[in-house]
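A.B. asks: To start, I am sharing the structure in question, which I have written as C-alpha cells.
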Amino acid sequence: MIVFQNLSLSKNPSGSGAGNPSGVEIAGVRFSKVPRVLIAKPGLDGHDRGAKYIAKALRDAGMEVIYTGIRQSPDDIAITAVQEDVDIVGLSLLSGAHGELFPRVLASLKQQGGGNIPVIGGGIIPEEDVPELLKAGVGAIFSPGTRIEDVIIEIKRLLEKQA
Amino acid sequence: MIIQRTVDVSQLTRQLTGEILVEGMSDAWRSRIRALSRAITFLENDPLLAMNVLANEHFAGQACHSRVIGLTGLPGAGKSSLTNLMVRAIRKSQKSVAVLAVDPSSPLSGGAVLGDRVRMQEHFRDPGVFIRSMGSRGALGGVARSTRGAIRLAGLLGFDYILVETVGIGQSESEIVELADTTVLVLMPNSGDEVQLMKAGVLQLADVYVVNKSDIANPARMMNELHENTAPSDISHWCPRVLATSATNEQGIEDLVQALEDHRIYETTHPKGHEVRRERATREILRALHNVIEPDFISAINTLKKKELEDVIEGKRPALSVAHELAKTFKRSH
C-alpha cells in the first residue's frame, strides 16, 4: 500500500464536488491533518534549551513545531498562533512570571480569534502555582522532571479531545 | 501523527472574503487573517478538497495582483534574514506583505521544526504582515504542494507582495521559479568555484543573484563568475542582476528592492516578459494536472499483483514496463 507522506485523502462524499459548481452548501467537511504546535517563550527569559528539546521531541513524534525564539510578548505569541493556525500552544518559562504572563497569552489569543486553541505550560513552575494556572484556563502544566513521553501523551490527548 | 478536524468550507470562504466575521471577532482584517490561516491548513492537508476553497464561487473571476517574490538558496545562506529586511523595506513604502516560509519535513516522522519566524520577530505585531511557516511534507521542489494555493489565497486578501522562502536547496530544486514572478537566489562568497556555477539547474534560473554575507568574505570573485555564467546570449532577455548584501550589517537591501522593481517593470512591459508568464502558466497547469491525477495512479499501483512487484524488486522487469502496462489499463478505463 502506497500512501502520500502525511497526506491522507478524504473520501468525504459531501465535499468531493470539485469546485463546488452547484453552489451547494458544504458544511462540516472532515479532514485529517498533521498537528501543528507553537512552542513559545514569553517574557524576559533567555533559557531556551528546554523549549528546543521539547520542539525536537514533538517533531520526532510527527508534529509540525513552530519555534519563534526567545523574549516574546503575549501578543506576539497569540498572533503567531493564529497566523500559523496551530492546534496547541506550549509556553516555556523559567523566570517565575508565569502567573502574570500565561493568563495574558490566553487573553490575547481570545482577542486574535484563537480562543479555542489550548495552551499548556512548562518550566520552573512551583506546584502551589499550578491550580491557579489551570483555573485561569491553561490546559496542563509540566513541572521539572516530567518525562518527555508523558508530555507527548498529554499533548496527543488534548489534540484529540478537540476533534 | 494525524488528527481529525472539521471545517465548514462555505463559511470559511465567506470569512475569507470578509462577507462574514469569524465567530467572536469584531475586527474585519483580523478576522480575514484568521480565516486565511485556517484555509491554508485545509489546503495543506486535503489537496483534493482544496478546490472547494480555491475555486469557490465567492472568488469567481477575482484576479490577484500580488507580486510574488521567491527566495531560494543554500541552507544558512541568509534567506530568512534577507526576507526580514525585505519585509521591512516593503513596509516602509506602506505596502502589505505575506511571507510563506517553507522548511523541510522530517522524512522519518513527518514532523518538522519550522524556525524561519525567529528572524522575523520585529514584524509579528504589524497588521500589514502575515507570516506562515509550511512544512515541505515530502515535496522535493523546495516548496510544499500547497504553497501555490496559499499564494492564491493570500493574493485574494490583497497583499501587495508575497514572499516565498524555500527550504535550503542544493542544485536542482527549482519549483520556485514556476511559482514566483521574480526569483532571488541567495549565495555566499565561498559557495563554490566556477565549475559549481557552470553546472545547470537552479543557478541558471534566477532573476536576481544575491551574494550575502559579504561582510565575512570578499564577494567580488563570486559576483564576477555569476555575471559570466548567467548573462543571456540573447540581449532581449532579462539580464539577471548580481548583487552583494550583508544581512547582518543591513547592507545592499535597497539595491535588492530596486532590482525586484526593475524586474517587475521588465516583466510587465517587455514582450519577452509575457512569453515567460505564458510558459509559467502552462507549467502550472501541468503540475496541477499531475496533482489531480496522481491519487488515481497511486490506486492503480495498489492494484498491482504481488508477482509484478516482485519481478521489479528482483530486477527481472524494469519499472517502466509495468508503468506502461498500467497506463494502458488506465487509458481504457477513462
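This table checks each residue for (1) free of Cβ contacts under 8 Å to residues at least 12 places away in the same chain; (2) farther than 30 Å from A:LEU58 by Cα; (3) at the interface with chain A (Cβ under 7 Å from one of its Cβ atoms).
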position	(1), (2), (3)
B:SER37	no, no, yes
B:LEU43	no, no, no
B:LEU49	no, no, yes
B:ASN56	no, yes, yes
B:HIS65	no, yes, no
B:GLY76	no, no, no
B:ALA89	no, yes, no
B:ALA98	no, no, no
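A.B. asks: Give the stretch B:142-174 a look and list any residue that's over 19 Å from B:SER80 (Cβ atoms) and either among the β-branched types (Val, Ile, Thr) or away from chain A (no Cβ under 14 Å) (or both), or say none. Quick ask: steps written out before the conclusion?
C.D. replies: Step one: filter the stretch B:142-174 for residues over 19 Å from B:SER80 (Cβ atoms), giving B:145-146, B:148-149, B:152-153, B:155-158, B:160, B:171-172, B:174.
Answer for the stretch B:142-174, where residues must be over 19 Å from B:SER80 (Cβ atoms) and either among the β-branched types (Val, Ile, Thr) or away from chain A (no Cβ under 14 Å) (or both): B:ARG148, B:GLY155, B:LEU156, B:GLY158, B:ASP160, B:GLN171, B:SER172, B:SER174.
A.B. asks: For the stretch A:131-162, which residues satisfy the criterion of being in a helix (DSSP H, G or I), of a type in the set (Lys, Arg) and surrounded by fewer than 13 Cβ atoms within 10 Å (Cβ to Cβ)? I'd like the intermediate steps shown before the answer.
C.D. replies: So the first thing to find is which residues in the stretch A:131-162 are in a helix (DSSP H, G or I), and the list is A:131-136, A:148-162.
Okay, now just the ones that are also of a type in the set (Lys, Arg), so A:135, A:156-157, A:161.
Once the filter is applied, which keeps residues that are in a helix (DSSP H, G or I), of a type in the set (Lys, Arg) and surrounded by fewer than 13 Cβ atoms within 10 Å (Cβ to Cβ), the stretch A:131-162 yields A:LYS135, A:ARG157, A:LYS161.
A.B. asks: Okay, moving on. I need a count of the residues in the stretch B:144-177 that are within 22 Å of B:THR41 (Cβ to Cβ) and assigned to a strand (DSSP E or B).
C.D. replies: Here the count works out to 4.
A.B. asks: Test B:HIS227 against the stated conditions and say whether it is in a helix (DSSP H, G or I), under 21 Å from B:SER172 (Cα atoms) and either of a type in the set (S, T, N, Q) or free of Cβ contacts under 8 Å to residues at least 24 places away in the same chain (or both). Give the derivation first.
C.D. replies: Details: in a helix (DSSP H, G or I): yes; under 21 Å from B:SER172 (Cα atoms): yes; either of a type in the set (S, T, N, Q) or free of Cβ contacts under 8 Å to residues at least 24 places away in the same chain (or both): yes.
Yes; evaluated as a whole, the condition is true for this residue.
A.B. asks: While we're looking at this one, here's another question. Mind checking which pairs have a first residue in the stretch B:251-276 that is under 17 Å from B:GLU178 (Cα atoms) and a second that is aromatic (Phe, Trp, Tyr) and in a helix (DSSP H, G or I), Cβ under 6 Å, 6 or more apart or different chains?
C.D. replies: B:GLY273/B:TYR266
A.B. asks: Related question: Kindly check whether there is at least one residue in the stretch B:232-243 that is of a type in the set (S, T, N, Q) and either within 25 Å of the chain's Cα centre (by Cα) or not assigned by TED's automatic domain parsing to the domain that holds B:THR182 (or both). Steps first, please.
C.D. replies: Going residue by residue through the stretch B:232-243, those that are of a type in the set (S, T, N, Q) are B:233, B:236.
Of the ones still in play, those that are also either within 25 Å of the chain's Cα centre (by Cα) or not assigned by TED's automatic domain parsing to the domain that holds B:THR182 (or both) are none.
Checking the stretch B:232-243: not a single residue is of a type in the set (S, T, N, Q) and either within 25 Å of the chain's Cα centre (by Cα) or not assigned by TED's automatic domain parsing to the domain that holds B:THR182 (or both).
A.B. asks: Looking only at the stretch A:49-64, how many residues end up being more than 10 Å from every other protein chain (Cβ to nearest Cβ) and either of a type outside the set (A, V, I, L, M) or without any contact (Cβ under 8 Å) to a residue 40 or more places away in the chain (or both)? Lay out the reasoning, then the answer.
C.D. replies: We begin by selecting, within the stretch A:49-64, every residue more than 10 Å from every other protein chain (Cβ to nearest Cβ); these are A:49-51, A:53-54.
Next, only the ones that are either of a type outside the set (A, V, I, L, M) or without any contact (Cβ under 8 Å) to a residue 40 or more places away in the chain (or both) stay: A:49-50, A:53.
Going through the stretch A:49-64 one residue at a time, the tally reaches 3.
A.B. asks: Just to be sure I understand, how many residues within the stretch B:63-94 are under 13 Å from B:ILE253 (Cβ atoms) and among the hydroxyl-bearing types (Ser, Thr, Tyr)?
C.D. replies: So the count comes out to 3.
A.B. asks: For the stretch A:65-99, which positions are modelled with pLDDT of 95 or more, assigned to a helix (DSSP H, G or I) and either surrounded by fewer than 19 Cβ atoms within 10 Å (Cβ to Cβ) or more than 7 Å from chain B (Cβ to nearest Cβ) (or both)?
C.D. replies: Answer for the stretch A:65-99, where residues must be modelled with pLDDT of 95 or more, assigned to a helix (DSSP H, G or I) and either surrounded by fewer than 19 Cβ atoms within 10 Å (Cβ to Cβ) or more than 7 Å from chain B (Cβ to nearest Cβ) (or both): A:PRO74, A:ASP75, A:ILE77, A:ALA78, A:ALA81.
A.B. asks: Could you list, in sequence order, all residues of the stretch B:5-32 that are at the interface with chain A (Cβ under 7 Å from one of its Cβ atoms) and either in contact with a strand residue (DSSP E or B) (Cβ under 6 Å, 6 or more places away or on another chain) or of a type in the set (Lys, Arg) (or both)?
C.D. replies: B:ARG5, B:THR6, B:VAL7, B:VAL9, B:ARG30
A.B. asks: Filter the stretch A:27-64 down to the residues that are among the basic types (Lys, Arg) and crowded, with 21+ Cβ neighbours inside 10 Å, then identify the one that is farthest from B:ASP46 (Cα to Cα). Give the derivation first.
C.D. replies: The first filter runs over the stretch A:27-64 and keeps only residues among the basic types (Lys, Arg), leaving A:30, A:33, A:36, A:41, A:49, A:52, A:56, A:59.
Then keep just the ones that are crowded, with 21+ Cβ neighbours inside 10 Å; that gives A:33, A:36, A:41, A:59.
Details: A:LYS33: 8, A:ARG36: 15, A:LYS41: 31, A:ARG59: 21 Å.
So, considering only residues that are among the basic types (Lys, Arg) and crowded, with 21+ Cβ neighbours inside 10 Å, the one farthest from B:ASP46 (Cα to Cα) is A:LYS41.
A.B. asks: Could you identify the single residue in B:ALA200, B:ALA206, B:ALA217 that is part of a loop (DSSP other than H, G, I, E, B) and at pLDDT below 90? Walk me through it before giving the result.
C.D. replies: On the way: B:ALA206 fails: at pLDDT below 90; B:ALA217 fails: at pLDDT below 90.
Only one candidate passes the filter, namely B:ALA200.
A.B. asks: Kindly indicate whether any position in the stretch B:121-134 is without any contact (Cβ under 8 Å) to a residue 24 or more places away in the chain, more than 7 Å from chain A (Cβ to nearest Cβ) and assigned to a loop (DSSP other than H, G, I, E, B).
C.D. replies: Applying the first criterion (without any contact (Cβ under 8 Å) to a residue 24 or more places away in the chain) to the stretch B:121-134 yields B:121, B:124-125.
Restricting the remaining residues to those that are more than 7 Å from chain A (Cβ to nearest Cβ) gives none.
Within the stretch B:121-134, none of the residues are without any contact (Cβ under 8 Å) to a residue 24 or more places away in the chain, more than 7 Å from chain A (Cβ to nearest Cβ) and assigned to a loop (DSSP other than H, G, I, E, B).
Condition check ((1) touching a helix residue (DSSP H, G or I) at 6+ places or on another chain (Cβ under 8 Å); (2) among the charged types (D, E, K, R); (3) assigned to a helix (DSSP H, G or I); (4) loosely packed, with under 11 Cβ neighbours inside 10 Å) across all residues:
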{"position": "B:THR248", "(1), (2), (3), (4)": "yes, no, no, no"}
{"position": "B:GLN258", "(1), (2), (3), (4)": "no, no, yes, no"}
{"position": "B:GLU267", "(1), (2), (3), (4)": "yes, yes, yes, no"}
{"position": "B:ARG277", "(1), (2), (3), (4)": "yes, yes, yes, no"}
{"position": "B:THR282", "(1), (2), (3), (4)": "no, no, yes, no"}
{"position": "B:VAL292", "(1), (2), (3), (4)": "no, no, yes, no"}
{"position": "B:ILE301", "(1), (2), (3), (4)": "yes, no, yes, no"}
{"position": "B:LYS307", "(1), (2), (3), (4)": "no, yes, yes, yes"}
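The values are calculated or read from the model by the stated rules, or taken from the named source; none is laboratory data. A quick note: this is a predicted structure, and the numbers were derived from the prediction, not measured. Every residue, glycine among them, receives a Cβ derived from its backbone with ideal geometry; neighbour counts consider all protein chains shown.
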